[in-house]
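A short write-up of the structure that comes next.
Just so you know, all these numbers are worked out from the coordinates, no wet-lab data involved. Note that the coordinates shown come from a computational prediction; the quantities given were computed from them, not determined experimentally. Methodologically, a virtual Cβ is constructed for each residue, glycine included, from the backbone with ideal geometry; neighbour enumeration extends over all protein chains shown.
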């Protein structure tokens with residue numbers, strides 16, 4: 001599968017795209033390419049800029065053009081493989097990453113990308129081989145330990161997963177993904193140290209409300225509903241579009257028989273996304289609990305308008321006789 005597409009000229013570069021001169025930096029390097037169209041390094045440099053600006057189709061074209069002009073640079077092939085992997089073209093990325101490794105077996109970035117690919121397709125022995133190759137070169141590589149942790153987590157070897165994630169955090173205290181994984185594991189065990197990990201993750205990136213949401217889920221699972229609601233409110237204060245927080249706080253209100261307050265949350269959800277069948281279904285459940293049968297039927301039917309295969313709504317209509 002490929003996720004990229006563009007109109008290419010005979011040299012393989014989408015040279016007529018206005019995006020190539022959209023910023024002074026891009027305009028400058030595009031002019032250099034026009035003057036030196038055989039300079040692979042210029043295409044690679046422009047590809048890096050385009051990727052940073054999320055112009056990934058054009059970036060891919062430039063990275064590929066760089067490999068055509070100079071097939072001796074591992075980083076050019078690695079860049080193609082990286083970008084394809086980012087866009088979920090796992091199969092397509094393999095040959096590019098392998099070529100990078102053929103040219104430079106010590107390319108840690110390519111080795112880790114190959115390891116990620118093997119983790120993705122659950123070929124763990126091959127993933128470990130690539131990871132260990134990296135660790136022999138760089139014993140303090142946090143991403144290598146993180147990937148080991150993900151493998152052990154999937155294999156249900158929680159002790160080794162914790163050890164790997166902790167090592168990643170020890171060598172890179174700002175490795176937020178590893179901190180979150182530790183929080184997730186301890187949360188599933190009901191261990192309150194999870195709250196500390198989630199709080200630390202939030203401090204590492206206060207633009208991401210997920211760690212606060214995870215704290216709410218921890219409290220909710222322990223039936224500490226007031227604390228859960230407070231965390232969900234904290235999430236909503238920071239992100240008014242955080243749908244899961246509204247769903248969860250509404251669920252808590254329903255558990256507390258505060259149906260009017262739950263209804264307000266579902267009303268907000270319907271306003272945020274007017275085509276979300278789950279929002280209509282849950283509001284229908286709330287109406288049903290309030291004894292408002294017709295309103296419940298209307299919402300169950302509305303859920304099916306947006307997803308006619310949404311089974312909970314079908315079941316509800318059968319149950320309620322709508």
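The set of residues in the stretch 139-154 that are over 21 Å from the mean Cα position of the chain (by Cα) and surrounded by fewer than 18 Cβ atoms within 10 Å (Cβ to Cβ) comprises 139, 140.
For the stretch 279-291, enumerate the residues that are part of a loop (DSSP other than H, G, I, E, B) and farther than 15 Å from residue 319 by Cβ. Within the stretch 279-291, 290 is the sole residue that qualifies.
Based on what the data block shows, is residue 218 in a helix (DSSP H, G or I) and in contact with a helix residue (DSSP H, G or I) (Cβ under 7 Å, 6 or more places away or on another chain)? Criteria met by residue 218.
So, residue 165, is that one under 24 Å from residue 265 (Cβ atoms) and either touching a helix residue (DSSP H, G or I) at 6+ places or on another chain (Cβ under 8 Å) or not in a helix (DSSP H, G or I) (or both) or not? Step through it out loud before you land on a result.
Numbers: under 24 Å from residue 265 (Cβ atoms): no; either touching a helix residue (DSSP H, G or I) at 6+ places or on another chain (Cβ under 8 Å) or not in a helix (DSSP H, G or I) (or both): yes.
So residue 165 does not fit the description; no.
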